[in-house]
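No value in this document is a laboratory result; all are computed from the given coordinates. These numbers come from a predicted model, not from an experiment. Neighbour counts are summed over all protein chains in view; Cβ atoms, including those assigned to glycine, are modelled from backbone coordinates with ideal geometry.
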Amino acid sequence: MAVRIDGSYGEGGGQILRTSIALSALLGRPVEIVNIRAKRANPGLQPQHLTGVLAAAQLTDAEVEGAAKGSTRLFFKPKSPRCGMFNIDIGTAGSVSLVIQTLAPMLLFAPCPTRLVITGGTDVAWAPPVDYMRHVFAPVIARFGGRVEVELVRRGHYPKGGGRVVVKVEPVKRLVAVDSPEFGRVVKIAGISHAVNLPSHVAERQAKAAREALAALGYSADVAVETRSDGLGPGSGVVLWAVSDLGNVVGGDALGERGKPAEAVGREAAEKLAAVLKTGASLDPHMAD
């Protein structure tokens, strides 16, 4: 019998779906998810959710019902996780990172290493940016004994997408427990400020504003500047991360948008990181989600 999950619980967003599919694949138990994204303005499965579901189905030879855009009900009955090389095209600027969130847990327990090439949005709203996945998500997974490598090939922004990421996952026999209720003392803050198909000063101004905002709070930050012209852009953003003496990593991020000054983007990312550090928590909102 399938485990029935109400997708309207809590914030009623896509994370219930992603977690349910990942746990279903890991445990080999079928799930029926209803009221999917019921509390969103556009309820039901959207392209990035559908891509994650279909990719998970491909990786587990799953039986699936309701896998269609706009569907508010999904039945997912997996077999054992597969491994190997797979190409996944979201087809829009849907978030690459959210697809990684769905697939990485099951691939950590696959019978052999897996390589995914995912095409879609790398830096889009309502999702962790790809630099967050590289510099926060992957290191946190490593603390538990897992190895997830995220390589950025090309950035993709809303609305055109077209970004490309290569994800490599090494399987493990078991994960190790981590007991770290407090973040610890900050030993390093770093970041990346990027701009695609925009003047180089955009990324530079974002980085400068982020550094200055953190300096005002007593933190020194090494923020790299990256300008590219190989994406479908334009687009920009900042991702910052802090590392503690206990090995914890947390992040803060912000996206550029039309009419939003570059300085505001940098300050927003810094303020988000500072807010997490102020709590003393060992995980930030993205990772806790």
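Annotations for the structure displayed:
- Three-way shape label, segment 22-158, alpha-carbon gyration tensor, a/c 1.5: oblate
- Residues in segment 120-151 that a label on Cys83 would reach, taking backbone N under 20 Å of a point 7 Å out along Cα→Cβ: 138-139, 141-151
- Prolate/oblate/rounded label for segment 117-198 (Cα gyration tensor, a/c 1.5): oblate
- Extension gain, Ala68 to Ala215, is 48.1 nm, computed as 0.36 nm per intervening residue step minus the present C-alpha separation.
- Contour minus Cα-Cα distance for Lys160 and Asp230 (0.36 nm per residue): 23.9 nm
- A simple spin-label model places pseudo-atoms 7 Å from Cα toward Cβ; at Ala41 and Thr279 they are separated by 2.5 nm.
- 24 Å tail of the calculated P(r), segment 186-288, as % of Cα pairs: 21
- Inverting the pair-averaged 1/r between distinct Cα atoms of the chain gives 19.4 Å as its Kirkwood hydrodynamic radius.
- Cα coordinate range in segment 1-80, projected on the principal axes (Å, largest first): 35, 22, 16
- Value of relative contact order over the chain, rounded to a whole percent, pairs C-alpha under 8 Å and six or more apart: 13
- Listed peptides 226-234, 249-257, 279-287 by packing density, highest first (mean Cβ within 10 Å): 249-257, 279-287, 226-234
- Within the chain, helix-based [θ] at 222 nm, where runs of 4 or more DSSP H residues each add -39,500 (n - 2.57), nearest 500: -9000 deg cm²/dmol
- Of the beta bridges in segment 186-288, as assigned by DSSP with both residues counted there, near 70 percent are antiparallel.
- If R0 is taken as 35 Å, the Cβ-Cβ distance between Glu263 and Gln58 corresponds to a FRET efficiency of 0.20.
- Efficiency of FRET from Cβ geometry, Trp126 and Ser200, R₀ 30 Å, rounded to 0.05: 0.60
- Note on the chain: GNM, Cα springs under 10 Å; of Leu108, Leu246, Leu50, the largest mean-square fluctuation is that of Leu246.
- Label-point separation in nm, Val172 to Asp245, each point 7 Å along Cα→Cβ: 2.6
- Estimated inter-spin distance, Cys112 and Glu271, nm [label 7 Å along Cα→Cβ]: 5.1
- All other residues whose Cβ lies under 12 angstrom from that of Ser229 are scored, Lys and Arg at +1 and Asp and Glu at -1, for a net of +1.
- Relative contact order %, segment 1-80, counting alpha carbon pairs below 8 Å whose residues are six or more apart: 33
- Alpha carbon centroid spacing (whole Å) that separates segment 208-261 from segment 98-125: 23
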